[in-house]
Amino acid sequence: MLSEKEVAHIAKLANLPLSREELLTFSSQLAEVLNYIEVLNEVNTDEITPTFQVTGVKNVMRDDKSPQIEKTLKVENALRNASATDGKYFVVPSVFDEGR
Amino acid sequence: MKENLYDLTIKEIREGLYSKFSVTELAASCLERIEKTDKALHAFLTVDREGIINEAKEKDKELLKLKGDIFKKYPLFGVPMALKDLFTTKDLRTTAGSKIIENYNPPYGATVVGKLKAAGALIIGKTNEDAWGHGSSGENSDYFPTKNPYDLERVPGGSSSGSAAAVASGQCLAAAGTDTGSSVRLPAAFCNLVGIKPTYGRVSRYGIIAMASSFDTIGHLTRTVYDNALILSVTAGKDPLDATSVDKNVPDYTENLMQSLKGKKIGVVKEYLVEGVDKGVVEITNRAIETLKNLGASVSEISLPHTKYAMACYYILVPSEVSSNLAKFDGIRFGKERAAFGAEAKRRIMLGTYTLSSGYYNAYYLKAAKVRTLIKDDFDSAFLKVDLILAPSSPTPPFKIGEKSGSPLQMYLSDAFVCPINIAGLPAVNVPAGFIGELPVGIQLIGPQFSEEQLYQAAYAFETETEFYKRRSSVI
């Protein structure tokens, strides 16, 4: 059902590095689930509006004011779980240099 | 007074605190119980020993000064509670049951945690769970599986596995959990507890690590209905930090518990009475129906015609939302790199990425969202005929560790009775309904949105009549 190539593609979209073994295992497991899901094709949904929000809540707004200072994180707290920082910023992998 | 303080219910705490025992003694009793039982149970990932002892001492000092009805001001004063490790706790390690954020030290806390603390509760620790909430048995924890206190070779249910095991074994008096497709009600059923899944939007999700944002609800597990209702009165309510929380009045859910069931119309779902449900579960469910009839309710059969599509609908929508929510774990701002995700998380991320991807979105996600409307409409129609729906919480009693982990699909199907409720955003409560040998079996009562008061009333009547909550484990 799902080719290894397709699974590898999905893994790339999801930014999930997979081992060769995982690729094979997931191919069959995902195929099983996707096969099961096909049952939805039995249902006629032509005139049905989708539900994305079950309680009908819409457009919840707040006043256009800055949040109180106490409610914002101090820089050192925001950074404290990061794998790499330079004291004030998160250090991220380079985006432009490695031609991907 | 019971022999061990950890055996008390929250209601009983109110009767004995200060006069018969201190908060420190109560906390110590729970800590001792954890010490004695957690090597076998594996309910906890983090126990905040120092934190709770210090808190307890502070509370005892406060007690001396507070006169009159302290419980009016602090309904959960001195109550040792555990939190599922999806709840972000400021300065207390939070892992979501995953290795990805194994050492995450949150710089802020969840709204609900703040509310519980403001009500006087003591946080004893963070409980084990299926990583990220992905599971119905506890076996998908990246750490170790929690055991069922009633039978150590069996699962306690999931994903709030540790929370259930902790309360059922007396390691704490109540524990918070989340329910996205089963995760409070199933462990409650497997561990002989009362577990509430509130209406979507009843309780703030702010600070609780998101699984599926249009399904997640914040619930809790206790031994009795009164205790459960008490806690919901504390946690429910609109939160400006959660735009999906609903601006509806929060009643005192304990106030009107003793309502007669006379005239209540209860529906039993035709499509749930199928092959594949364990005979013992069917028997217990039928006995529960008789009990409710004897209490004055009338029971009739109703139909939820789209039941057979619920699991497929769920397993498109939820992994889709999961793939989006787990995208934030980039290994940069917090946590390890994405290769460290466990197998089930990877599966769900992959499934969700596929169903949302260009070319497939219409066939999968949009289609499932339309089926969601049909499933919700089924319930809405049913509630025109009945006040409440009754169903088993699980098609089987607690199963053995390892029994279902071979096939992810098999595991998914154990949620057949519980996840349609999340699709529709309805409230439901599990209440202990009997035993098959040593193994607890629970039933769920399901109601229209924001009918938690009604649910608690029915659950209370049933509990008072049957008293199954009194039966503790004989093995631990």
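Of the helices (runs of 4 or more DSSP H) lying entirely inside region B:351-427, the ones with 2 or more residues being in contact with a helix residue (DSSP H, G or I) (Cβ under 7 Å, 6 or more places away or on another chain), among the aliphatic types (A, V, I, L, M) and modelled with pLDDT of 90 or more are found at B:367-385, B:419-424.
Residue count for region B:293-313 satisfying the condition of being within 10 Å of chain A (Cβ to nearest Cβ), open to solvent by less than 60 Å² (accessible area, probe 1.4 Å) and in a helix (DSSP H, G or I): 4.
Looking at region B:85-93, can you tell me whether even one residue there is within 24 Å of A:ASN81 (Cα to Cα), within 14 Å of chain A (Cβ to nearest Cβ) and out of contact with any strand residue (DSSP E or B) (no Cβ under 8 Å at 6 or more places or on another chain)? The answer is yes, given that some residue of region B:85-93 is within 24 Å of A:ASN81 (Cα to Cα), within 14 Å of chain A (Cβ to nearest Cβ) and out of contact with any strand residue (DSSP E or B) (no Cβ under 8 Å at 6 or more places or on another chain).
Kindly provide the set of residues from region B:71-120 that are of a type outside the set (S, T, N, Q) and in a helix (DSSP H, G or I), ordered by number.
Filtering region B:71-120 down to residues of a type outside the set (S, T, N, Q) leaves B:71-87, B:90-93, B:96-97, B:99-102, B:104, B:106-110, B:112-120.
The answer is B:PHE71, B:LYS72, B:LYS73, B:VAL112, B:VAL113, B:GLY114, B:LYS115, B:LEU116, B:LYS117, B:ALA118.
Listed by first and then second residue, the pairs linking a residue in region B:13-41 that is in contact (Cβ under 8 Å) with a residue 60 or more places away in the chain to a residue that is open to solvent by 10 Å² or more (accessible area, probe 1.4 Å) and in a helix (DSSP H, G or I), with Cβ atoms under 6 Å apart and 6 or more places separating them unless they lie on different chains, are B:VAL23/B:LYS59; B:VAL23/B:ASP60; B:CYS30/B:TYR6; B:ARG33/B:TYR6. Screening B:LEU374 against (1) more than 25 Å from the chain's Cα centre (by Cα); (2) at the interface with chain A (Cβ under 7 Å from one of its Cβ atoms); (3) buried (at least 21 other Cβ atoms within 10 Å of the Cβ) leaves a single unmet condition, (3).
Listed residues A:LYS65, A:LYS12; which is in a helix (DSSP H, G or I), free of Cβ contacts under 8 Å to residues at least 12 places away in the same chain and basic (Lys, Arg)? Give the derivation first.
Numbers: A:LYS65 fails: in a helix (DSSP H, G or I).
So the residue among A:LYS65, A:LYS12 that is in a helix (DSSP H, G or I), free of Cβ contacts under 8 Å to residues at least 12 places away in the same chain and basic (Lys, Arg) is A:LYS12.
Among all positions in region B:111-118, there is at least one residue which is in contact (Cβ under 8 Å) with a residue 24 or more places away in the chain and within 14 Å of chain A (Cβ to nearest Cβ). Listed conditions (1) surrounded by fewer than 19 Cβ atoms within 10 Å (Cβ to Cβ); (2) under 16 Å from the mean Cα position of the chain (by Cα) are all met by B:GLY437, apart from (2). Across region B:245-276, the qualifying residues are those that are touching a strand residue (DSSP E or B) at 6+ places or on another chain (Cβ under 7 Å) and not charged (D, E, K, R), and the one among them that is modelled with the lowest pLDDT is B:TYR272.
I'd like the full set of residues that are under 13 Å from B:ILE349 (Cα atoms) and open to solvent by 60 Å² or more (accessible area, probe 1.4 Å), limited to region A:10-24. Walk me through how you get there before you give the answer.
Residues of region A:10-24 under 13 Å from B:ILE349 (Cα atoms): A:10-18.
Listed by number, the residues that qualify are A:LYS12, A:LEU13, A:ASN15, A:PRO17.
It is to be established whether one or more residues within region B:170-185 are of a type outside the set (S, T, N, Q), assigned to a helix (DSSP H, G or I) and crowded, with 24+ Cβ neighbours inside 10 Å.
So in region B:170-185, the residues of a type outside the set (S, T, N, Q) come out as B:170, B:172-177, B:179, B:181, B:184-185.
Restricting the remaining residues to those that are assigned to a helix (DSSP H, G or I) gives B:185.
Narrowing further to those that are crowded, with 24+ Cβ neighbours inside 10 Å: B:185.
The answer is yes, given that some residue of region B:170-185 is of a type outside the set (S, T, N, Q), assigned to a helix (DSSP H, G or I) and crowded, with 24+ Cβ neighbours inside 10 Å.
Does A:SER83 satisfy the condition of being small (Gly, Ala, Ser), within 8 Å of chain B (Cβ to nearest Cβ), open to solvent by 70 Å² or more (accessible area, probe 1.4 Å) and free of Cβ contacts under 8 Å to residues at least 60 places away in the same chain?
Details: small (Gly, Ala, Ser): yes; within 8 Å of chain B (Cβ to nearest Cβ): yes; open to solvent by 70 Å² or more (accessible area, probe 1.4 Å): yes; free of Cβ contacts under 8 Å to residues at least 60 places away in the same chain: yes.
When the stated conditions are applied, A:SER83 passes them.
Note on region A:64-77: among residues that are open to solvent by 100 Å² or more (accessible area, probe 1.4 Å) and at the interface with chain B (Cβ under 10 Å from one of its Cβ atoms), the one that is modelled with the lowest pLDDT is A:LYS71. Put simply, of A:LEU40, A:LEU18 the only residue that is closer than 23 Å to B:LYS367 by Cα and in contact with a helix residue (DSSP H, G or I) (Cβ under 7 Å, 6 or more places away or on another chain) is A:LEU40.
Name the single residue that is farthest from the other protein chains (Cβ to nearest Cβ) among those in region B:324-345 being part of a helix (DSSP H, G or I) and either crowded, with 24+ Cβ neighbours inside 10 Å or within 22 Å of the chain's Cα centre (by Cα) (or both). Steps first, please.
Let us first name the residues in region B:324-345 that are part of a helix (DSSP H, G or I), namely B:324-328, B:338-340, B:343-345.
When the remaining residues are screened for being either crowded, with 24+ Cβ neighbours inside 10 Å or within 22 Å of the chain's Cα centre (by Cα) (or both), the result is B:325-326, B:344-345.
On the way: B:ASN325: 12, B:LEU326: 9, B:GLU344: 10, B:ALA345: 9 Å.
Of everything passing the filter in region B:324-345, B:ASN325 is farthest from the other protein chains (Cβ to nearest Cβ).
Can B:ASP239 be described as more than 10 Å from every other protein chain (Cβ to nearest Cβ), over 18 Å from B:SER161 (Cα atoms) and assigned to a loop (DSSP other than H, G, I, E, B)? Give the steps one after another, and end with the answer.
On the way: more than 10 Å from every other protein chain (Cβ to nearest Cβ): yes; over 18 Å from B:SER161 (Cα atoms): yes; assigned to a loop (DSSP other than H, G, I, E, B): yes.
Spelling it out, B:ASP239 is indeed more than 10 Å from every other protein chain (Cβ to nearest Cβ), over 18 Å from B:SER161 (Cα atoms) and assigned to a loop (DSSP other than H, G, I, E, B).
If we scan region B:196-206, do we find a residue that is assigned to a loop (DSSP other than H, G, I, E, B) and away from every other protein chain (no Cβ under 14 Å)? The answer is no, given that none of the residues of region B:196-206 is assigned to a loop (DSSP other than H, G, I, E, B) and away from every other protein chain (no Cβ under 14 Å). Taken over region B:238-292, the criterion of being open to solvent by less than 30 Å² (accessible area, probe 1.4 Å), of a type in the set (A, V, I, L, M, F, W, C) and within 20 Å of B:LEU455 (Cα to Cα) is satisfied by B:VAL246, B:LEU257, B:LEU261, B:ILE266, B:VAL268, B:VAL269, B:ILE284, B:ALA288, B:ILE289, B:LEU292.
Residues are listed down the side, and each one gets a yes or a no for (1) under 17 Å from the mean Cα position of the chain (by Cα); (2) at pLDDT below 95; (3) of a type in the set (Phe, Trp, Tyr):
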| site | (1), (2), (3) |
| --- | --- |
| A:MET1 | no, yes, no |
| A:GLU6 | no, yes, no |
| A:GLU21 | no, yes, no |
| A:LEU24 | no, yes, no |
| A:SER28 | no, yes, no |
| A:VAL33 | no, yes, no |
| A:TYR36 | no, yes, yes |
| A:LEU40 | no, no, no |
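Restricting attention to region B:25-48, does a residue exist that is assigned to a loop (DSSP other than H, G, I, E, B), open to solvent by 30 Å² or more (accessible area, probe 1.4 Å), at pLDDT 95 or above and closer than 30 Å to B:GLU344 by Cα?
We begin by selecting, within region B:25-48, every residue assigned to a loop (DSSP other than H, G, I, E, B); these are B:42-43, B:48.
Going one step further and asking which of them are open to solvent by 30 Å² or more (accessible area, probe 1.4 Å), we end up with B:42, B:48.
Checking which are at pLDDT 95 or above leaves us with B:42, B:48.
Cutting the leftovers down to closer than 30 Å to B:GLU344 by Cα gives us B:42, B:48.
For region B:25-48, residues assigned to a loop (DSSP other than H, G, I, E, B), open to solvent by 30 Å² or more (accessible area, probe 1.4 Å), at pLDDT 95 or above and closer than 30 Å to B:GLU344 by Cα: present.
Let me confirm something: among B:VAL431, B:VAL475, which residue is part of a strand (DSSP E or B) and either more than 15 Å from B:GLY157 (Cβ to Cβ) or within 17 Å of the chain's Cα centre (by Cα) (or both)? So that I can check it myself, show each step before the final result.
Values: B:VAL475 fails: part of a strand (DSSP E or B).
Result of the check over B:VAL431, B:VAL475: B:VAL431.
Of all residues in region B:357-366, none satisfies being touching a residue at least 40 places away in the same chain (Cβ under 8 Å), facing chain A (nearest Cβ under 7 Å) and within 28 Å of the chain's Cα centre (by Cα).
The values are calculated or read from the model by the stated rules, or taken from the named source; none is laboratory data. Note that this is a predicted model, so its numbers are computed, not measured. Cβ atoms come from the backbone with ideal geometry, glycine included; neighbour counts cover every protein chain shown. Calculation scope for accessible area: heavy atoms of the full protein, side chains included, ligands and nucleic acids excluded. Shrake-Rupley method; radii C 1.70, N 1.55, O 1.52, S 1.80 Å.
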